[in-house]
Structures are given as structure tokens and as C-alpha cells.
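Worksheet for the structure shown next.
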Amino acid sequence: MKALQKTVLKKSVAPAPFAIRAERSSDVAAREELLDLCFGDSRFARTCQRIRDGRLPAEGLAFTAIRHGRLVGTLRLWHVAAGGRASLMLGPLAVDPKLRSLGIGAALMRHAIVVAAGLGYESIILLGDAPYYERFGFFAEKAKDLVLPGPFERERMLGLELREGALAGAAGMILPTGKASGEAAPRKAAKPSARRTARVVPLAV
Ligand SMILES: CC(C)(COP(=O)(O)OP(=O)(O)OC[C@H]1O[C@@H](n2cnc3c(N)ncnc32)[C@H](O)[C@@H]1OP(=O)(O)O)[C@@H](O)C(=O)NCCC(=O)NCCS
């Protein structure tokens, strides 16, 4: 009986609708609130934060998940030099704890990857759990010789090649290269031809 009730309940609850869109300045307060909730105050002490301190995210690569007009997820990418090569660092990714396992995190990830590839970027690096990020094509092998300016767990350093071979032989320090807050835009790794053909697929359920 209990099993039947569970099945009936599961089928009668429709998945919560959500949409992914570019982050707006009006999202910032809700984004910070969500990040505090997900990571706590210690988030500012993390080594990854050194890549983001005093920088703006890469242009066009900060995303918000919206549900019923409310911010429920966030994801941003940042310009870095990874062992001397232009790349992007992804993070933080966070989803409202009450709305997990609905595919919001996956939608943010897939949307970000499609947009970054469309803009001509060649690779993305992140620090995160391989069991989650491998489904999007991120692997430790791709970033095995890269290091961050501070302590980090080697097995959580993952890389994704948007162009085959983009991270081959990449070795050395990952350093921020993004636009400092309030300054001119950084040099982009985008290829004009790739940018022209960029197609953004709206992701929502
Ligand atoms: C990680 C996170 C963004 C996933 O968001 P989400 O919207 O629930 O993700 P999805 O719906 O796409 O995927 C959920 C699935 O991933 C799994 N998953 C979540 N975090 C995982 C992890 N760290 N390792 C392995 N699997 C994980 C869930 O168990 C779930 O599995 P299921 O589909 O079998 O139920 C969310 O759990 C979160 O905000 N966590 C706290 C912040 C964080 O750790 N961010 C990542 C580091 S930057």
C-alpha cells in the first residue's frame, strides 16, 4: 500500500518549471543569499575565491535559474590563465536546497557549456565533485598538472575541453585574468566566426 501511495504521489507531482537566463544586477542580493545558505561564511576563504576576488565574471557567462520569478540557482564562469593558456573557471554552482534533484543544476551546467562553446572558449576548469561533474564531461585527467594559488584537493580539480586537445599538456598555476570590477573588458578568447554561429538553446522544464 505504501509503495502504491508513493508511486501515485510521485506521478501526480509535476516537475517544478524553471528557466535559465543571463544574470541581472537585480539578482545579486538573492544570489549572495543563496550562496551563503549553500556554502556558509567560509566560502570567502576558499582557494577558488582567490580567482574571483575583485573580478567580474566573463561577459555573458553568469547565469540565473528562475522559478516563479524567484532566483533558485546560480552559476558563473571566470577568465583565467591555466598554465599560461586562456581558459574559464566555473563556480560557484548552487541550487536552492528545497529544489534539488529537479535538474536545475544540470540545466545551468549544460546552458553554460553551450554558451561558452558558442562564444569560442576552448576549455573550462572547476574544483568540484567528479561524481557530479563527470556527467557534463569534466575529468581530473584533463587538469592533472594545473594548480591553484592555495590549498585544494587534487582529485576535485577537473577540466573540460570544448576544443579537442585544448588542455593537452596544460601545466602550472591557474591565475585570474578577468576584468577587475569597474574596469575595461578583458581580452576575450572568443573567435569571431564561432561567435557568429553561437546558438543558445533555452533550457527549461
Ligand atoms: C550540486 C548542486 C548544484 C546540484 O543541483 P541540482 O539541481 O540538485 O542538480 P541536478 O538536479 O542536476 O542533479 C541532481 C543529482 O546529482 C546528484 N548530486 C548532487 N550533488 C552531488 C555530488 N556532490 N556528487 C555526486 N552527485 C551529486 C544528486 O544526488 C542527484 O542525483 P539523482 O538525480 O540521482 O537524484 C546542488 O546540490 C547544490 O547546490 N549543492 C550545494 C552547493 C555545491 O556543492 N555546489 C557545487 C560545488 S561548486
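Structural remarks
- For Glu134 and Ser181, the FRET efficiency from 1/(1 + (r/R0)^6), where r spans their Cβ atoms and R0 equals 35 Å, is about 0.60.
- Computed over the Cα atoms of region 17-181, the ratio of the radius of gyration to the Kirkwood radius (Rg/Rh) comes to 0.94.
- If you plug the beta carbon distance of Phe39 and Ala168 into 1/(1 + (r/R0)^6) with R0 = 45 Å, you get a FRET efficiency near 0.90.
- Between Ser26 and Arg156, the FRET efficiency from the beta-carbon distance, with R0 = 41 Å, is close to 0.80.
Coordinate-derived values only; no laboratory data. None of these values were measured; they are calculated from a predicted model. Neighbour counts run over all protein chains shown; Cβ positions are idealised from the backbone, glycine included.
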